[in-house]
1. Looking at T168, T263, which one is under 17 Å from S73 (Cβ atoms), in the same structural domain as V126 (by TED's automatic domain parsing) and of a type outside the set (D, E, K, R)?
2. Condition first: under 16 Å from W233 (Cα atoms) and loosely packed, with under 14 Cβ neighbours inside 10 Å. Now tell me which residues in region 114-162 satisfy that.
3. Exactly one of (1) assigned to a helix (DSSP H, G or I); (2) closer than 30 Å to S223 by Cβ; (3) aliphatic (A, V, I, L, M); (4) in contact (Cβ under 8 Å) with a residue 12 or more places away in the chain is unmet by M90. Its number?
4. Out of L166, L220, I need the residue that is under 24 Å from R110 (Cβ atoms) and surrounded by 15 or more Cβ atoms within 10 Å (Cβ to Cβ). Which one?
5. Within region 46-57, which residues are touching a strand residue (DSSP E or B) at 6+ places or on another chain (Cβ under 9 Å) and under 20 Å from G165 (Cβ atoms)?
6. What tally of residues in region 145-163 results from selecting those that are of a type outside the set (D, E, K, R), within 14 Å of R110 (Cα to Cα) and under 22 Å from the mean Cα position of the chain (by Cα)?
7. Here are some residues: N174, N148, N69, N134. Which one is farther than 26 Å from A46 by Cβ and either in contact with a Pro (Cβ under 6 Å, 6 or more places away or on another chain) or assigned by TED's automatic domain parsing to the domain that holds S216 (or both)?
8. Can you pull out the residues in region 169-183 that are part of a strand (DSSP E or B) and crowded, with 18+ Cβ neighbours inside 10 Å?
Amino acid sequence: MLRNIACKALPPFAANNLLPSVHNIHIRGFARVLTSKKGEKDAKRANAHAKVSREVSQASKACGGGISNLRLSTAIAKARQLELPKNKIMAAIERGTNSGKVDVDMEVVRYDGVLKVGQSVVQCVVMTLTENRNRTGAVVRATFKKCNGELQKTGSLDYLFEEVGLITMKNSENDEDFEDNVMEAALESGAEDVTYEDNICTIKTSVAVLSSVSSSLKPLISSEEDFAAVTKWIANQTVEVDEEGADALSNFVDRLDENEDVTDVYHSAENHNI
């Protein structure tokens, strides 16, 4: 026999109730996610700044602080692109010229390898700056292996990759003749290609003439901040990768970036934003 059960209404929660609302839980959780992401971003930024600062110091040490030196000028340009403050760039240059502050000689070491990502095979060139190539080589090799790849003999990818000079110039004053002036000066001084998009000129050169082309183009900009000249390895043929492959490649690059010895990672995937 069914009985009627008297239900007693529960009193509303007091203002200081210990049980938070679902809304508050959502907001707090979202805030923690944002804080975590910001922390990761800040850590990556600090790591990148530390690496490029060391590159500037080592380049400065190698050339005695001569700003016109190609290695130092490209390191400075890279530091600017990574938004390293000017005072820290100058401090890094000074450390390089002061033998008491930079007492470890480092060398640039390149590693070539292939990576199976998704349904594709991607070729990679990893550039490092190290005082112990055995340690660095072991870490790079282990990273390739962990990410379904393998290290190959250095130079084995020369058929696919080409080291080039890339100059970027910003038309910050919206000069109508900027593109024509840059193109004329660049091609006359030995540049291979010039493109213009969104008020930025990108000039491709061989590494051999990067310094001379840079000297010809610098008078056309109003501020050093609008000019950058760097060297990069570019694949002559690229490989399409699916979403799974892009995620795997991104994971591989992130793992290498965590290593303080790794300065640059280049690959043949079409997803150049990775």
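1. Working: T168 fails: in the same structural domain as V126 (by TED's automatic domain parsing).
None of the other options fit; the residue is T263.
2. If the condition is that a residue be under 16 Å from W233 (Cα atoms) and loosely packed, with under 14 Cβ neighbours inside 10 Å, then G155, S156, D158, Y159, E162 are the ones that fit.
3. Condition (4) is where M90 drops out.
4. Values: L220 fails: under 24 Å from R110 (Cβ atoms).
Matching residue, one of L166, L220: L166.
5. Restricting attention to region 46-57, the residues satisfying the condition of being touching a strand residue (DSSP E or B) at 6+ places or on another chain (Cβ under 9 Å) are 51-52, 54-55.
Listed by number, the residues that qualify are V52, E55.
6. To start, the set of residues in region 145-163 that are of a type outside the set (D, E, K, R) comprises 147-149, 151-152, 154-157, 159-161.
Imposing the further condition that a residue be within 14 Å of R110 (Cα to Cα) reduces the set to 151-152, 154-157, 161.
Checking which are under 22 Å from the mean Cα position of the chain (by Cα) leaves us with 151, 154, 157, 161.
The total comes to 4.
7. On the way: N148 fails: either in contact with a Pro (Cβ under 6 Å, 6 or more places away or on another chain) or assigned by TED's automatic domain parsing to the domain that holds S216 (or both); N69 fails: either in contact with a Pro (Cβ under 6 Å, 6 or more places away or on another chain) or assigned by TED's automatic domain parsing to the domain that holds S216 (or both); N134 fails: either in contact with a Pro (Cβ under 6 Å, 6 or more places away or on another chain) or assigned by TED's automatic domain parsing to the domain that holds S216 (or both).
After applying the criteria, what remains is N174.
8. Passing the criteria: only M169.
The values are calculated or read from the model by the stated rules, or taken from the named source; none is laboratory data. Here the structure is a predicted model, which means the values were calculated and not measured. No Cβ is skipped: glycine too gets one built from the backbone with ideal geometry, and neighbour counts run over all protein chains shown.
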